[in-house]
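Here's the structure we're looking at; comments come further down.
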Amino acid sequence: MIVTEYELLVCLAEELNMRKSAEKLFLSQPALSQRLQTIESRWNTKIFIRTQKGLLLTPEGEAIVRHASSVIDREHTIQEKLEAMEGVVRGTLRIACASVVAQMWLPRVLKTFTSAYPNVQISLVTGWSSEVTQQLAAGNVHIGIVRGNSTWKSVQKPLFKDKLILVDTEITKIEQVFQTNRPFVQFRSDSNYYQVIQDYWQRNFGKMPRQAMLMDQMETSRQMALNGIGFAILPEVTMLGYADKINKIPLTEKDGSILSRETNLLTYEQSLGLPQVKAFLEIIDKFLEQVK
């Protein structure tokens with residue numbers, strides 16, 4: 001792999017650590033240090049200051065790294081336009097995806113996609129749906145996959161709905177939540193998810209469960225429920241394969257409907273002209289058809 005000076009500087013600015021940057025760039029630390037010295041000599045300024053805790057960007061370095069990032073972005077844009085003109089499916093497909101979808105659903109799609117299009121590199125970032133939308137709005141990714149309702153103004157493609165379920169080793173009916181001292185094992189998420197759950201309790205019972213434990217992420221909450229520590233409200237997709245020794249109770253509304261959450265794919269109209277994006281959407285359509 002040929003690492004350009006711009007890529008080297010951007011990597012160092014992201015990691016602020018010589019060892020981690022060297023590993024990421026597949027270079028030895030002495031080679032990385034030598035290349036950085038050459039770059040600083042060429043710019044005739046100090047770009048990074050070494051400390052015991054890592055690297056610090058100088059003010060001059062900040063300006064140079066911003067320039068390097070903009071050059072890399074422009075090159076990516078030009079490359080994508082050339083590939084779109086040729087109609088060749090290659091290059092990089094940049095995706096931002098809600099964490100739970102990235103864990104439970106996306107890998108199966110990407111496995112099919114990478115088998116069909118081995119010349120396409122996948123760049124994937126995960127996080128809360130609000131963070132995914134920010135990545136897409138900033139132009140950092142081609143595609144965003146989010147949970148819940150979205151106000152996205154450009155292309156929006158529904159992928160699937162999955163039920164929200166109460167998961168517990170003891171509770172068998174939703175009403176028992178208010179008759180037990182078992183804690184409600186919640187997890188940190190974006191405000192939309194919290195609001196959906198709070199609205200459900202208030203709409204159907206006029207109150208919230210009495211006790212709560214707050215976990216750092218959904219997987220921690222899931223493991224607490226699976227091990228009988230308390231009950232959790234989870235997307236049904238996270239419980240695939242867990243059929244025994246755990247109760248999975250749909251959140252039923254007064255009218256008999258079941259509370260569910262949508263997963264949507266977001267992108268820009270202009271991104272649809274990129275061969276790798278078009279191919280990815282075609283793979284998704286085939287995948288969704290197969291799992292119906």
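The values are calculated or read from the model by the stated rules, or taken from the named source; none is laboratory data. Small disclaimer: the values here were computed from a predicted structure and weren't measured. Because the Cβ atoms are built from the backbone with ideal geometry, glycine has one as well, and the counts that use them run over all protein chains shown. Ligands, DNA and RNA are stripped out before the accessible areas are found, and what is left, the full protein with its side chains, is counted by its heavy atoms. Shrake-Rupley method; radii C 1.70, N 1.55, O 1.52, S 1.80 Å.
Looking only at residues that are assigned to a helix (DSSP H, G or I) and open to solvent by 10 Å² or more (accessible area, probe 1.4 Å) in the stretch 234-270, which one is modelled with the lowest pLDDT?
Here the residue is V237.
Does the stretch 100-118 hold any residues that are in contact (Cβ under 8 Å) with a residue 24 or more places away in the chain and of a type in the set (S, T, Y), and which are they?
Of everything in the stretch 100-118, those that are in contact (Cβ under 8 Å) with a residue 24 or more places away in the chain and of a type in the set (S, T, Y) turn out to be T112, Y117.
Identify, from the list V125, V177, V132, V185, the residue that is open to solvent by less than 50 Å² (accessible area, probe 1.4 Å) and either small (G, A, S) or not in a helix (DSSP H, G or I) (or both).
Just one listed residue meets the conditions, V185.
Applying the selection to the stretch 140-160, what residues are exposed (fewer than 14 other Cβ atoms within 10 Å of the Cβ) and either assigned to a strand (DSSP E or B) or touching a residue at least 60 places away in the same chain (Cβ under 8 Å) (or both)?
N149, S154, P158
Exactly one condition in (1) open to solvent by less than 40 Å² (accessible area, probe 1.4 Å); (2) within 28 Å of I284 (Cβ to Cβ); (3) not acidic (D, E) is false for N192; which is it?
N192 satisfies every listed condition except (1).
Taking C97 and the conditions (1) part of a helix (DSSP H, G or I); (2) touching a helix residue (DSSP H, G or I) at 6+ places or on another chain (Cβ under 8 Å), which numbered condition does it fall short on, given that it satisfies the others?
Here C97 clears every test but (1).
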